[in-house]
Amino acid sequence: MSLLAVFAPHRTAAQVPRSGPAKSNRMKRKYALDRARAQASDVLAATGLVAADAMTLVEPKPNIPADLAFPIFAAAKSAGANPADFARRVADAVTLPADSLLGAVEAADGFVNIHFAPERFARAVLDDVFSADDAYGRDAGIGAEQTLVVEFSSPNIARKMHVGHLRTTVIGNSLRNILVALGYRVITDNHLGDWGTQFGSLLAAHALWGWPPQMETDPVEALVQIYARFHAAAEADPALRDLARQWFKRLESGDEAARATWKQLVKITLEEFDRTYQRLNITFDTTHGESFYEPMLESVVREAIDKGVARVEADGAVSVGFGEALPSYLLQKSDGATLYQTRDVATCLYRWHEYAPARNIYVVGQEQTLHFQQVFETVRRMGYPEIADRSVHISFGAVTDVGGQRFSMRRGTAIFLDEVLDEAVARARQTIGEKMAEGKTELSEAEQETTAEIIGIGAIIYNDLYQGPERGIRFDWDKLLSFEGNTALYIQYTHARCRSILRKADLSPLGRAGDFNAALLTTPEEQAVLKQLARLPHALREAGEKFLPALIAEWTYNLAREFARFYHEHPVLDAATPELRQARLGLVQAVGQGLRNGLALLGIRAPERM
RNA sequence: GCGCCUGUAGCUCAGCGGAUAGAGCGUUUGCCUCCGGAGCAAAAGGCCAGGGGUUCGAGUCCCUUCAGGCGCACCA
């Protein structure tokens, strides 16, 4: 079969699920806040004073005593009225149905401020949480089973993962969780660096010296060292470079011995990577490395040339030019070898053929922005605008040391990922030891170990997710392993307290919101907790739309904060009446659920006690 | 030189064209007879890099200058 046929667009756009936001509101799950907003729009429209399409509701800042606000300036202008007067007229004209989630409407300068009815709002929110539990916040209608590909992590074979791999790994995994929660069918792919001339060096080194003894105990370290040794030797003896090239050529042409050794390298390294992924609770659907696309490269290059997208230079190299739009790049070297870019063009086309994804997402550092622009544009010009349009590069800033220097393998300044995880867990274990000594917690030996792992790993993940990806981040041990303030530990700790209260209450599972009277939860602190709880669905949708896990981190942290305020202010177990105690226990359980759901979306576990 | 990203409190960062710009860390100060103090509360700290513009309204949008990071063909 011609390899060209592989890329024939046998799926037309019409057969493919359409990308973009879900088309039908009916598909979307309606949560309390959605309903409240819809009701607010309805009652404002019913006044006849405001056109429905001119209505934008905003969430007022915390210092404004209101739950929703309608800035009336634009409407006032088109009505030719003074904003403050017009706001008053609109507010006076509003009538609320008896069962509305809204409790009061008032004018405030140029705004119409809307307050929720605390009792009905409390019931609606807790009913949402208890009817969904682990699924609270999810909205399968958004993704509606559309397929997405998310590529992330993508370390190199025969190397160790280092801090530079942290961001892509952690962001990519959380993105996957978020998109799955939104009803997408997500395919995660680890685009391993398992091909290229460096494997020629490794094969040559192996042929010359055999594997070092360390291969038995720490194989990847052994590979790193033998590679460094070969590299040094080649400096002195250029003939070794040719040897490496020959070995790579043998590998490329399918030489069985070369192939077998290479496979061994891949296997050994992947086993080590898998241990790290397991600690981070990450799995991949596919681990198509660059080698996977090797058989397709020749036809990709030929197709690009045939379609006039690429051209053969005098020296035999194949280049792609974009005129003024982008710098040109090479699809094939003058010696006939392919490049990283060639494999990415093939990858992009392969995914289109295989999955026809609504989005093809690359979680890769910002230094590759131009690379992806070139790849996507090449694919577009080759006649696949659909996949080009649907491919997105989620970029993020580089990790540098405290002095702003990038980490470098060559300079020996790289910090390995496992070191980071081990250090974080060790630090957590030490802190647990201190708390034990202070008598603040009681955990068995085994619990201490698992809890230290959960806390340490959680700290690492959260440190990378709590801020947006665009900025570069400085790798600062103290900040990374800080257990105070806006950290995973604060959230985990709050969760553990929720669970502790519920254990002490010693009641049969609360079950549904109907088992207690949520309408009793009307204090400002309780309402603040409920409101934050109610915002999860919105935060999740937005995180999915913008590919921003940071929004989930922010939501979860704020829920923990609101709960801590409530908890400090109001007794739960010793509440004034049994009914109030029961209602507050319901709130505690809902918060625990919310924190757990938020952390789960980030890829962080929530311990029962710590 | 061209392109992309960033510039908000001492530090690390939120901030969707709407009201008095918010957190965490650090600093100062209160709060453990009380459901876990790994917590809560309060104070101090800002010409939102500079300059123009658009708008009823700009940290947010546009233009421009400056500063930092990254990238721009035979590595990945």
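The values are calculated or read from the model by the stated rules, or taken from the named source; none is laboratory data. Just so it is clear, the structure is predicted and the values come from calculations on it, not from any experiment. Quick reminder, even Gly has a Cβ in these numbers, built from the backbone with ideal geometry, and neighbours come from all protein chains shown. Protein only, heavy atoms only, side chains kept; ligands, DNA and RNA dropped before computing areas. Shrake-Rupley method; radii C 1.70, N 1.55, O 1.52, S 1.80 Å.
Pick out, in residue order, every one of the trypsin sites (Lys or Arg not before Pro) in segment A:367-427 that is DSSP loop and has at most 10 other C-beta atoms within 10 Å; say none if there are none.
A:ARG410, A:ARG411
So with the 1.4 Å probe, I'd like the accessible area per residue for segment A:407-470, rounded to whole Å².
51
Helix-only estimate, please: 222 nm mean residue ellipticity of chain A, summing -39500 (n - 2.57) across DSSP H runs of length 4 or more and dividing by its residues, to the nearest 500.
-17000 deg cm²/dmol
Of the cross-linked pairs A:LYS249/A:LYS333; A:LYS160/A:LYS263; A:LYS30/A:LYS77, which ones have a Cα-Cα span greater than 24 Å in the structure shown?
A:LYS30/A:LYS77
For the pair A:ARG380 and A:GLU354, what calculated FRET efficiency results from E = 1/(1 + (r/R0)^6), where r is the Cβ-Cβ distance and R0 = 25 Å, to the nearest 0.05? Don't skip to the answer; put the middle values down first.
On the way: r = 19 Å, r/R0 = 0.76.
E between A:GLU354 and A:ARG380, to the nearest 0.05, is 0.85.
Measure nothing fancy, just the Cα-based angle from helix A:256-279's long axis to the longest principal axis of chain A, in degrees from 0 to 90, nearest 10.
For A:256-279 against chain A, the angle is about 20 degrees.
Roughly to the nearest percent, how much of the accessible area of segment A:509-575 is carbon and sulfur, given a 1.4 Å probe?
Reported share for carbon and sulfur atoms: 49 percent.
May I ask for the longest run of chain A untouched by GluC sites (Glu not before Pro) that are loop-located per DSSP and have at most 13 neighbouring C-beta atoms (other than their own) within 10 Å?
A:1-144
Is the C-alpha gyration tensor of segment A:306-407 telling us rounded, prolate or oblate? Criteria: a/c under 1.5 is rounded; beyond that, a/b larger than b/c is prolate, otherwise oblate.
Judged from the Cα gyration tensor, segment A:306-407 comes out oblate (a/c at least 1.5, b/c at or above a/b).
Which log10 I(q)/I(0) values, to two decimals, does segment A:153-303 give at q = 0.08, 0.12, 0.13 Å⁻¹ under the Debye formula with one point per Cα?
Treating every Cα as an identical point scatterer, log10 I(q)/I(0) equals -0.27, -0.59, -0.68.
Can you list the lysines whose alpha carbon sits under 22 Å from that of A:LYS479, skipping same-chain ones fewer than 8 residues off?
A:LYS435
Rounding to the nearest 10 and keeping the result within 0 to 90°, find how far the Cα-based axis of helix A:445-465 lies from the longest principal axis of chain A.
90
Can you tell me the orientation of helix A:219-236 relative to chain A, as the angle in degrees between its alpha-carbon axis and the longest Cα principal axis, to the nearest 10?
Between helix and principal axis, roughly 50 degrees.
At a Förster distance of 22 Å, what's the computed FRET efficiency of A:ALA52 paired with A:GLU545, Cβ-Cβ distance as r, to 0.05?
So the FRET efficiency works out to roughly 0.40.
Apply the a/c threshold of 1.5 to the C-alpha gyration tensor of chain A and tell me whether it is rounded, prolate or oblate.
Working: a/c = 2.69, a/b = 1.54, b/c = 1.75.
Because a/c hits 1.5 or more and a/b fails to exceed b/c, chain A counts as oblate.
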